[in-house]
Amino acid sequence: MKACEGQIGRVFVLRLEDGDVVPGCIERFAEEKGISVGHAVLVGGIGGGEVVVGPRDSEERPPQPMLLSVDGAHEVVGVGVLAPNEDGKPVLHIHASLGRSGQTMTGCLRPGVTTWLVGEVILYEITGVDVARVRDEESGFELLEVEERGKD
Amino acid sequence: MKACEGQIGRVFVLRLEDGDVVPGCIERFAEEKGISVGHAVLVGGIGGGEVVVGPRDSEERPPQPMLLSVDGAHEVVGVGVLAPNEDGKPVLHIHASLGRSGQTMTGCLRPGVTTWLVGEVILYEITGVDVARVRDEESGFELLEVEERGKD
Amino acid sequence: MKACEGQIGRVFVLRLEDGDVVPGCIERFAEEKGISVGHAVLVGGIGGGEVVVGPRDSEERPPQPMLLSVDGAHEVVGVGVLAPNEDGKPVLHIHASLGRSGQTMTGCLRPGVTTWLVGEVILYEITGVDVARVRDEESGFELLEVEERGKD
């Protein structure tokens, strides 16, 4: 485990509108506002798009993602971590549970999902930390790297 | 998307007791304490009540909610956004995943669910934002409206 | 319901690495840093371990936990509340939804689950509150107790 310490900065309340695509719309907002690192929560409806629901094989490298389509309006609850990639663009790694009619799929919203009717987001800025998403050769993922200060 | 900026205010740690009904008990607490806008997380057990698990038909307006009963003690993880309705009363829009025996239902706790044994809630007050839940004619829902300041 | 009021303290961004066991690794970090009370969110992958997926019988006391094994890499979204037990050690009560291939199990990570590839954690310290996990005779659980100040 690696860790770094920061503080809470600004807090934003976002209203997503029907058709807004997560996580893209939150990432663009973060970029406009100069939010580099943060934490987001999402409560609302999702009407379409695709979710990564795990790697096909847990041992294979790079992992091949399994994708499922969202069919029909789902109730969503999600949590994400925002951090800049190597180009300095804020990337929101957000996982969520999407439920409909008692069935739930849980996964990563990276491929993009579409807001149904309304989405409510709280976005916390975290300042004073040195973190980035850096491409990992083996997995092919942009993994969160954390700079521990005052070490060595 | 609409957005507004605020700050973190007070933070509350709540212990829900067996039989406490969510979201009502958290809304009453918010009202007593004068918390208008906020963010809540819920970790604990749920033993009864009903959950909205999506609209019956994704296109129909107003949407007809599908409800499922919670039968037996479930493990719950939930996230909610608190905002005042048009009467100024704080309304908690909270979505949660409820699991039992490897099955999970995810939905909105609006109809009310009952705490089983214990519920742990962190409630963050968010100050300096101008948001409200306003009744939308088409959907019949009280949708979050966000006042963007300094625009136009 | 019982409640107490505090403030946000330090904020930590944690990168969990492949094989790190939750919640133990977060609890050890909290102890090292002197974080007594807090709130954590978890986004990432889980590759093994066990999850408590409810009590076998909702009425029986003490409740007998049902456990399910995590088989294969799952996408995880979790939320936890950190509070000290009677020995003053920080204990993280974290519930999460674990998804794979469209199936989701939701439960308590107390028995320990293993990070697959990466876990991202935001840990908020909450200061100024008087809370503890105290063993409850009837349930056998360490239940969160909250000291309400200025009462009576």
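The values are calculated or read from the model by the stated rules, or taken from the named source; none is laboratory data. In this text, all values refer to a predicted model and were calculated from it rather than measured experimentally. Ideal geometry is used to build each Cβ from the backbone, glycine not excepted, and the neighbour counts take in all protein chains shown. Each accessible area value is taken on the protein alone, full model and side chains, heavy atoms only, with ligands, DNA and RNA left out. Shrake-Rupley method; radii C 1.70, N 1.55, O 1.52, S 1.80 Å.
A few remarks follow.
- Between the residues B:V77, B:G112, B:V91, the greatest Cα displacement towards the positive end of the dipole of chain B, with unit charges on the Cβ of Lys, Arg, Asp and Glu, is found for B:V77.
- Segment B:35-120 - Rg and Dmax from Cα coordinates, angstrom: 13.7, 41
- All C-alpha to C-alpha distances of segment B:1-79, sorted into 10 Å bins beginning at zero, yield P(r) values of 13, 35, 33, 18, 0 percent in whole numbers.
- Value of D in µm² per second that Stokes-Einstein yields for the protein assembly as shown, Kirkwood Rh from Cα pairs, at 10 °C (1.306 mPa s): 74 µm²/s
- Rough spin-label spacing in nm, given labels placed 7 Å along Cα→Cβ, for C:S69 and A:N85: 3.8 nm
- Distant alpha-carbon pairs in chain B (separation over 19 angstrom), percent: 55 percent
- For A:R28, inter-copy label distances in nm, listed shortest first [label point 7 Å out on the Cα-Cβ vector]: 4.4, 4.4
- Rounded accessible area per residue of segment B:7-152, 1.4 Å, Å²: 38 Å²
- In the A-C interface, the accessible area buried, summed over both sides, Å² (probe 1.4 Å): 3300 Å²
- Rounded to the nearest 20 debye, the dipole size of segment A:1-90 about its Cα centre is 340 debye, using +1 on the Cβ of Lys and Arg and -1 on the Cβ of Asp and Glu.
- Dipole magnitude of chain A, debye to nearest 20 (Cβ charges: Lys/Arg +1, Asp/Glu -1, about Cα centre): 360 debye
- Annotation for B:E147 and B:D18: the two label points, set 7 Å from Cα along the Cα-Cβ direction, are 4.6 nm apart.
- Relative to the longest principal axis of the Cα atoms of chain B, the long axis of helix B:24-33 lies at roughly 40 degrees.
- Sorted from nearest, the other copies put their A:K89 label points 4.5, 4.6 nm away, the label point being 7 Å from Cα in the direction of Cβ.
- Within segment B:89-152, the trypsin sites (Lys or Arg not before Pro) that combine a DSSP coil assignment with at most 13 other C-beta atoms in a 10 angstrom radius are B:R149, B:K151.
- Legend: residues in segment C:80-99 shielded by at least 10 square angstrom of accessible surface upon adding the remaining protein chains to the isolated chain (1.4 Å probe, heavy atoms) are C:V81, C:H93, C:H95, C:S97, C:G99.
- Each copy carries a label point for B:R61 at 7 Å from Cα along the beta-carbon vector; from one copy to the others these points are 5.1, 5.1 nm apart, nearest first.
- Shown for the protein assembly as shown: the carbon plus sulfur share of the solvent-accessible area, taken with all protein chains present and a 1.4 angstrom probe, equals 42%.
- Projecting label points 7 angstrom from Cα along Cα→Cβ for C:R28 and B:E138 puts them 5.4 nm apart.
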